[in-house]
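Quick notes on the structure that follows.
The values are calculated or read from the model by the stated rules, or taken from the named source; none is laboratory data. These numbers were taken from a predicted model, which means no experiment stands behind them. Cβ: placed from backbone, ideal geometry, glycine included. Neighbour counts: every protein chain shown.
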């Protein structure tokens, strides 16, 4: 695209910089005058001239405006509960005995001769794993509830993952507990 003066001036007269600037100002003033009565809103120049008249309430608007969003910190912040949920999830996931018992009793449906002591030990293992899974879900849900516009994305992702996988582990624990032998 060529924007030389000969191309932009169809009459062939030499264009002066004064006429060009004057024409641009009158065109801009005309478009502002036309748009203001229709929308009833102030022009962008008037809006930025008065400080404090326009506030963004969403994080995306604050990001675009370049203003920092205050993230509540401290002991009961969403990030804290998210880290707690992830640590509890790690404890539950590293306990492979739950998955072994689930596969043995629920999936395999293997009948076993177990004494009362063995049955209660297996039940205790499954209950501990289920309790840790329930605490994982609780901590993740608290992190999601405490989160807001200023919450970091990793915290929301970690808490959501902990809630989803923790709920599945609670379900596995309940199903395993229901299929454990009674030890009679």
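Would you point out which residue out of 156, 146, 152 is under 14 Å from residue 84 (Cβ atoms), under 30 Å from the mean Cα position of the chain (by Cα), surrounded by fewer than 19 Cβ atoms within 10 Å (Cβ to Cβ) and touching a residue at least 24 places away in the same chain (Cβ under 8 Å)?
Numbers: 156 fails: under 14 Å from residue 84 (Cβ atoms); 152 fails: under 14 Å from residue 84 (Cβ atoms).
The conditions single out 146.
Need the failing condition index for residue 130 against (1) surrounded by 17 or more Cβ atoms within 10 Å (Cβ to Cβ); (2) in contact (Cβ under 8 Å) with a residue 24 or more places away in the chain; (3) closer than 16 Å to residue 76 by Cα, just the number.
Only one criterion in (1) surrounded by 17 or more Cβ atoms within 10 Å (Cβ to Cβ); (2) in contact (Cβ under 8 Å) with a residue 24 or more places away in the chain; (3) closer than 16 Å to residue 76 by Cα is unmet by residue 130, namely (3).
Among (1) modelled with pLDDT under 85; (2) within 15 Å of residue 177 (Cα to Cα); (3) out of contact with any helix residue (DSSP H, G or I) (no Cβ under 7 Å at 6 or more places or on another chain); (4) surrounded by 13 or more Cβ atoms within 10 Å (Cβ to Cβ), there is one condition residue 71 misses while meeting the rest; what is its number?
All conditions pass for residue 71, except number (2).
Restricting attention to the stretch 87-98, which residues are surrounded by fewer than 19 Cβ atoms within 10 Å (Cβ to Cβ) and under 16 Å from residue 157 (Cβ atoms)? Can you show your working first?
Step one: filter the stretch 87-98 for residues surrounded by fewer than 19 Cβ atoms within 10 Å (Cβ to Cβ), giving 87, 90-91, 93-97.
Listed by number, the residues that qualify are 87, 90.
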